[in-house]
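To keep things clear, I will list the structure first and then write my remarks on it.
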Amino acid sequence: MSKPTFEASNEVVSEAAASCARLLEKWFGGVDQAIAALEADPADMADLVMRSHMAQRKAMTVKAHMNIQAFSREVLARVA
């Protein structure tokens, strides 16, 4: 019996990694501080930031579904 595998494109993985890096930078106040925190406890930091990334994506999906016009304005504000 074969085990199911989880596959994601390189683009999806890169986007998630970049988002996680931005979160760490924001939380720790800079790139160097984020790197130091990640090096000090890589497994816990990676788990924490990935969970936060997923929660943000879920919240964004719900927000978009519930009020597409407000979501569109927010996206345009971030892009502009």
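The table that follows gives values for the structure above.
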quantity	calculated
Tally, over the range 23-35, of residues that are in a helix (DSSP H, G or I), out of contact with any helix residue (DSSP H, G or I) (no Cβ under 6 Å at 6 or more places or on another chain) and exposed (fewer than 14 other Cβ atoms within 10 Å of the Cβ)	3
In the range 1-47, the residues that are β-branched (V, I, T) and closer than 19 Å to M60 by Cα	V12, V13
In the range 42-80, the residues that are under 16 Å from A21 (Cβ atoms) and either not in a helix (DSSP H, G or I) or not acidic (D, E) (or both)	P42, M45, A46, L48, V49, M50, R51, S52, H53, M54, Q56, R57
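Read the figures in this text as sums done on the coordinates, not as results from a lab. Please read these numbers as outputs of a predicted model, since none were measured by experiment. Note that each Cβ is placed from the backbone with ideal geometry, even for glycine, and that neighbours are counted across all protein chains shown.
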